[in-house]
Amino acid sequence: MFQKMTRLVPVVLSMVFLLSLVVMPAQAQDPILVGLSFSDFETPRWIQENAIMTAALEAKGYAVVSQQASHDPVTQNNQIANMVTQGAKAIIIVAQDADAAATAVEDAVAEGVVVIAYDRLIATPDISAYITFGLIEVGNGQASGVLTALGITDLDNTGEWSVDNPVQLVKLEGDPGDNNAKFFEAGQDEILQPYVDAGIVEIVARQNIANWDETNAVTAMENILTSQNNEVDAVVAANDNLGLGALQALAAQRLSVPVSGQDATIPGVNSIARGEMTVTILKDYRVMAPQAVELVDMFLNGETDPDLQEYNLSDLTGNDALTGTVLAKYLPVTQVTIDNLYEEIVVSGFQGYDDVYQDIPEADRPPRPEEATPEAAS
């Protein structure tokens, strides 16, 4: 009898074990961690894009860790390394400095992490993809918007401007550590150079502004106005912060000239509505942020985006010493002036009606979008 019981024990234990596998629920796996690394949150759009990407990632079941580096490349690299230590399998990065971030990215990729360079290129072929807007087109739109406001349409139609009376033009360029800044500048110069060569436009000052900071732009513009004895006819500024800084310095001298911007920020588009800033460039991050999330999801699932195209890193950075290629996607941009401000910014929902027309008298405002007739919105 004892022998029979002894033989039955292993059988019973095996059955209990098998039943436990059926009855006990499977252990839920922890969600995959994705990091969001931003250069700063002083730039208003980054806060919005952080919210969009966080929500989109969580909707797909990912856990999210997000940090901003307050414009410090060393801090950003440390934050990226910490995300890898926490177990992040992918990181979307808005780099403060294209070169400095490359080291942290290469270390992360060596640990098997997928890295997406968001809006700003990171100078290494190790990134999985780079998603941004048409950088040259941004600069094109800034320069052409300012020239149009000056009454210049082509070399045969330059309005009041001539070799004897050239446009005295100032260029306020972006942060030198941001790879995008050089392409915005190239796009501007592509439009301006024929007029410079013809003697219709004279670039009297060209200055990069650290951290895209408005206060720095005010100081730079004040110094330029002093050196030029206030003889400035236009300002091509690389984003809204710089344009608004230029406008502040110009207003102090009671000067009103065409000024460009970029990003269609609330202060920027409100300035256009007031008749101050001339042109901004809309880069609709409501489109780009979800696409960055889709790229992460694709790469983590062994897929890729067929719209990505291969580019030489040297071409994207202007540095011939850099080798290798990166996959990149460029999204379209829109030039915004007072003529299409309502349609492109308000009706589209990019910025709110009350924000765009803040302090504008009711009689001078267009109807709210829900009240607009097809004729009014066309």
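The values are calculated or read from the model by the stated rules, or taken from the named source; none is laboratory data. The structure displayed is predicted, hence computed values, not measured ones. Cβ sites come from the backbone with ideal geometry, for glycine too, and all protein chains shown count toward neighbours.
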Next item on the list: Among the residues of the range 187-219, write down those that are within 14 Å of Ser260 (Cβ to Cβ) and among the polar types (S, T, N, Q).
Entry: Gln188
Notebook entry, point to check: Given the residues Gly187, Gly199, which is the only one that is touching a residue at least 24 places away in the same chain (Cβ under 8 Å) and either in a helix (DSSP H, G or I) or surrounded by 15 or more Cβ atoms within 10 Å (Cβ to Cβ) (or both)?
Noted result: Gly187
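Whether any residue in the range 156-171 is in a loop (DSSP other than H, G, I, E, B), at pLDDT below 95 and surrounded by fewer than 23 Cβ atoms within 10 Å (Cβ to Cβ) is what I want to check.
The answer is no; no qualifying residue exists.
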Item checked: Matching option when the condition is among the polar types (S, T, N, Q), within 26 Å of Thr334 (Cβ to Cβ) and touching a residue at least 24 places away in the same chain (Cβ under 8 Å), among Asn230, Asn208 -> Asn208
Notebook entry, point to check: In the range 172-184, which residue that is surrounded by 24 or more Cβ atoms within 10 Å (Cβ to Cβ) and part of a loop (DSSP other than H, G, I, E, B) is farthest from the chain's Cα centre (by Cα)?
Noted result: Gly174
Notebook entry, point to check: In the range 323-337, what residues are surrounded by 15 or more Cβ atoms within 10 Å (Cβ to Cβ), over 17 Å from Thr132 (Cβ atoms) and either without any contact (Cβ under 8 Å) to a residue 40 or more places away in the chain or not β-branched (Val, Ile, Thr) (or both)?
Noted result: Gln335
Check: Name the pairs: first residue in the range 296-309 and over 10 Å from Val114 (Cα atoms), second residue among the polar types (S, T, N, Q) and surrounded by fewer than 16 Cβ atoms within 10 Å (Cβ to Cβ), Cβ to Cβ under 8 Å, at least 6 apart or on different chains?
Finding: Met298/Thr304
Next item on the list: Give me the pairs, please: first residue somewhere in the range 149-166 and among the polar types (S, T, N, Q), second residue anywhere and in a loop (DSSP other than H, G, I, E, B) and surrounded by 17 or more Cβ atoms within 10 Å (Cβ to Cβ), beta-carbon distance under 6 Å, and either six or more positions apart or on two chains.
Entry: Thr158/Ile152; Thr158/Ile200
Next item on the list: Could you check how many residues of the range 105-117 are crowded, with 22+ Cβ neighbours inside 10 Å and closer than 20 Å to Asn319 by Cα?
Entry: 2
Item checked: Single residue of Val109, Val64, Val105, Val115 found to be of a type outside the set (Asp, Glu), outside any helix (DSSP H, G or I) and under 20 Å from Asn179 (Cβ atoms) -> Val115
Notebook entry, point to check: How many residues are more than 20 Å from Met298 (Cα to Cα), surrounded by fewer than 16 Cβ atoms within 10 Å (Cβ to Cβ) and not aliphatic (A, V, I, L, M) when one looks only at the range 77-102?
Noted result: 4
Next item on the list: Go through Arg254, Arg286 for me and flag whichever is over 30 Å from Ala55 (Cα atoms), surrounded by fewer than 22 Cβ atoms within 10 Å (Cβ to Cβ) and of a type in the set (Lys, Arg).
Entry: Arg254
Margin query: Please go through the range 92-105 and give me each residue that is at pLDDT 95 or above, farther than 18 Å from Glu49 by Cβ and in contact with a strand residue (DSSP E or B) (Cβ under 9 Å, 6 or more places away or on another chain), ordered by number.
Written below: Ala104, Val105
Notebook entry, point to check: Of the numbered conditions (1) within 30 Å of Val94 (Cα to Cα); (2) touching a Phe, Trp or Tyr at 6+ places or on another chain (Cβ under 8 Å), Val201 satisfies every one except a single condition; which is it?
Noted result: (1)
Next item on the list: Determine, yes or no, whether Asp315 is of a type in the set (D, E, K, R), more than 21 Å from the chain's Cα centre (by Cα) and not assigned by TED's automatic domain parsing to the domain that holds Ala181.
Entry: no
